[in-house]
Amino acid sequence: MANNLKIEIVTPDRKVLSEEVEYVGAPGIMGEFGVLPNHVPFLSALGIGNLHYKQDGKAHYVFIAGGFAEVSNNQVTILAEVAEKATEIDVDRAQKAKQRAEERTAKAKEKVDAARNQASLKRAIARINARSCGKNAGTC
């Protein structure tokens, strides 16, 4: 375990992932952060984006939307509002959501609507990127 971390990703609905990994990179609200074995204890709020981890030298991706990350004793625990492995993402659905968000953003009259549409757009783009990265064997 000295050269690995345990990562667990949990949403209100299910356990998305529980694996031994070499590295974790996650989308914190103040920017992306990375975790290697023996990292100091750490707590961060998560934004919208793609968490990636290395396992056996290969990169894997998980779409994350909000939540918290805790790092302690070579374990990374992600409590996410939404999390989907790249392999689970329906790209057609994400493309349609992206298109709808772009159309609504163009028509938005109130700042609240614009902010909501921007968040929808960001989630759709992050899902598409996660799926693309997963298909290209981590070449993102």
Next on the checklist: Please pick out the residue among 58, 54 that is under 17 Å from residue 130 (Cβ atoms), exposed (fewer than 15 other Cβ atoms within 10 Å of the Cβ) and out of contact with any helix residue (DSSP H, G or I) (no Cβ under 8 Å at 6 or more places or on another chain).
Outcome noted: 58
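Name every residue in the range 70-104 that is in a strand (DSSP E or B), under 16 Å from residue 35 (Cβ atoms) and not acidic (Asp, Glu), in order of residue number. Break it down stepwise before answering.
At the first step, the residues of the range 70-104 found to be in a strand (DSSP E or B) are 70-72, 75-85.
From what is left, the residues that are under 16 Å from residue 35 (Cβ atoms) are 70-72, 75-80.
Matches in the range 70-104: 71, 72, 75, 76, 77, 78, 79, 80.
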Item to check | Residue that is modelled with the highest pLDDT, among those in the range 103-131 that are exposed (fewer than 15 other Cβ atoms within 10 Å of the Cβ) and of a type in the set (D, E, K, R) | outcome: 103
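Which one of these is over 21 Å from residue 6 (Cα atoms) and crowded, with 20+ Cβ neighbours inside 10 Å: 78, 64, 89? Lay out the reasoning, then the answer.
On the way: 78 fails: over 21 Å from residue 6 (Cα atoms); 64 fails: over 21 Å from residue 6 (Cα atoms).
The conditions single out 89.
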Next on the checklist: Could you go through the range 78-95 and let me know if any residue there is of a type outside the set (Gly, Ala, Ser) and modelled with pLDDT of 95 or more.
Outcome noted: yes
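The values are calculated or read from the model by the stated rules, or taken from the named source; none is laboratory data. All values reported here derive from a predicted model rather than from experimental measurement. Cβ: placed from backbone, ideal geometry, glycine included. Neighbour counts: every protein chain shown.
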